[in-house]
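Here the structure comes first, spelled out in structure tokens, and everything after it is commentary.
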């Protein structure tokens, strides 16, 4: 893990409210943002099945909240979930929040007996890292609940073991992800960028999108991925029109191949005045960069009226990474009450 992510600062502060050794709370709630990929450059498949990436992450102000509370001895993680897409969230050991609790407990030699409640607001299977966000939030919340005080570089290493997008969900702000996306270098952002997200009727499997990328690029020379200097400069200066010209997603062709209807959504957003449009990550959520907050709401209204998406969301970036927002004595934590 790169040492560049171990410092403190507004994009990297995990927001703990208690230090190790303090009186332990009865429940801890952490808030974690969604992400958009301003650039997703994808290399060819590696022998291990992953792809090298140059992934410019921006955290955006759509949030899940994960609350953890002590569970029954020997019961392991027990999950509940509420929110618009709650029925699509797995509540078993495959959920990244449950896996995060187990990984942290194993690291410290303790039992992962915890109740985890996810208040889901990030679209599910939408290319916005909602599952990864829940893993990062659960890791931070459990570390606080159990009074462990795990060093930040160790938390990031655990995140990387959980999944390629999980470290950025902990970090937040803006970052360049290399390797398979887990090796992060924080990026400077000189202003606020306004986004509209059009949520599709059904999700897309990230592995399936990568498989389609491999199919579409078979036999061709896939160049090594690299961040676009013009895009990084636009972020530094807060220049939305310049960022719009540089937005790019190498997975977009594969996502559109699997879900051709997304083309109509992209067209509806640009026709409504968006500066640029692209598929968010592996999709099927589509992202639209707007000139300002007022323009974002106009684009969102036009997309909602177009009938090409299930719903729209407006959010700004950058946003803070996973942060403890409350520790409480609320006995209903983990039940959605």
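The values are calculated or read from the model by the stated rules, or taken from the named source; none is laboratory data. Everything quoted here is computed from the prediction, not taken from an experiment. Cβ atoms come from the backbone with ideal geometry, glycine included; neighbour counts cover every protein chain shown.
Among the numbered conditions (1) farther than 15 Å from residue 40 by Cβ; (2) modelled with pLDDT under 95; (3) touching a strand residue (DSSP E or B) at 6+ places or on another chain (Cβ under 9 Å), the only one that residue 203 does not meet is (3). Against the test of being within 29 Å of residue 159 (Cβ to Cβ) and at pLDDT below 95, the options 287, 254, 227, 333 yield a single qualifying residue, 333. Out of 139, 148, 91, one residue alone is modelled with pLDDT of 95 or more, assigned to a loop (DSSP other than H, G, I, E, B), buried (at least 16 other Cβ atoms within 10 Å of the Cβ) and out of contact with any strand residue (DSSP E or B) (no Cβ under 8 Å at 6 or more places or on another chain). It is 148.
Determine whether residue 281 is within 25 Å of residue 206 (Cβ to Cβ) and either assigned by TED's automatic domain parsing to the domain that holds residue 84 or in contact with a helix residue (DSSP H, G or I) (Cβ under 7 Å, 6 or more places away or on another chain) (or both). It is false that residue 281 is within 25 Å of residue 206 (Cβ to Cβ) and either assigned by TED's automatic domain parsing to the domain that holds residue 84 or in contact with a helix residue (DSSP H, G or I) (Cβ under 7 Å, 6 or more places away or on another chain) (or both).
Conditions (1) modelled with pLDDT of 95 or more; (2) within 30 Å of residue 288 (Cβ to Cβ); (3) outside the structural domain of residue 204 (by TED's automatic domain parsing), marked per residue:
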| residue | (1), (2), (3) |
| --- | --- |
| 85 | no, yes, yes |
| 98 | yes, no, yes |
| 110 | yes, no, yes |
| 119 | yes, yes, yes |
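Of everything in the range 47-83 that is touching a residue at least 40 places away in the same chain (Cβ under 8 Å) and part of a loop (DSSP other than H, G, I, E, B), the residue that is surrounded by the most Cβ atoms within 10 Å (Cβ to Cβ) is 71. Applying the selection to the range 179-198, what residues are modelled with pLDDT under 95, at negative phi and surrounded by fewer than 22 Cβ atoms within 10 Å (Cβ to Cβ)? Result: 180, 183.
Inclusion of residue 44 among residues that are surrounded by 15 or more Cβ atoms within 10 Å (Cβ to Cβ) and more than 29 Å from residue 316 (Cα to Cα) is warranted.
Looking at residue 127, is it surrounded by fewer than 18 Cβ atoms within 10 Å (Cβ to Cβ), closer than 24 Å to residue 209 by Cα and either in the same structural domain as residue 212 (by TED's automatic domain parsing) or touching a residue at least 40 places away in the same chain (Cβ under 8 Å) (or both)? When the stated conditions are applied, residue 127 does not pass them. Residues in the range 96-124 that are in contact with a helix residue (DSSP H, G or I) (Cβ under 7 Å, 6 or more places away or on another chain) and in a loop (DSSP other than H, G, I, E, B): 111, 112, 120, 122, 123, 124.
Checking the structure you have, find out if any residue of the range 187-207 is part of a helix (DSSP H, G or I) and farther than 19 Å from residue 63 by Cβ.
Filtering the range 187-207 down to residues part of a helix (DSSP H, G or I) leaves 206-207.
Okay, now just the ones that are also farther than 19 Å from residue 63 by Cβ, so 206-207.
Yes - at least one qualifying residue is present in the range 187-207.
Scanning the range 138-169 for residues that are in contact with a helix residue (DSSP H, G or I) (Cβ under 7 Å, 6 or more places away or on another chain) and within 25 Å of residue 203 (Cβ to Cβ) gives 138, 139, 159, 160, 161, 162, 163, 165, 166, 167, 169.
Being in a helix (DSSP H, G or I), surrounded by fewer than 22 Cβ atoms within 10 Å (Cβ to Cβ) and touching a residue at least 60 places away in the same chain (Cβ under 8 Å) is the filter here, so list the residues in the range 156-167 that pass it. Listed by number, the residues that qualify are 157, 160.
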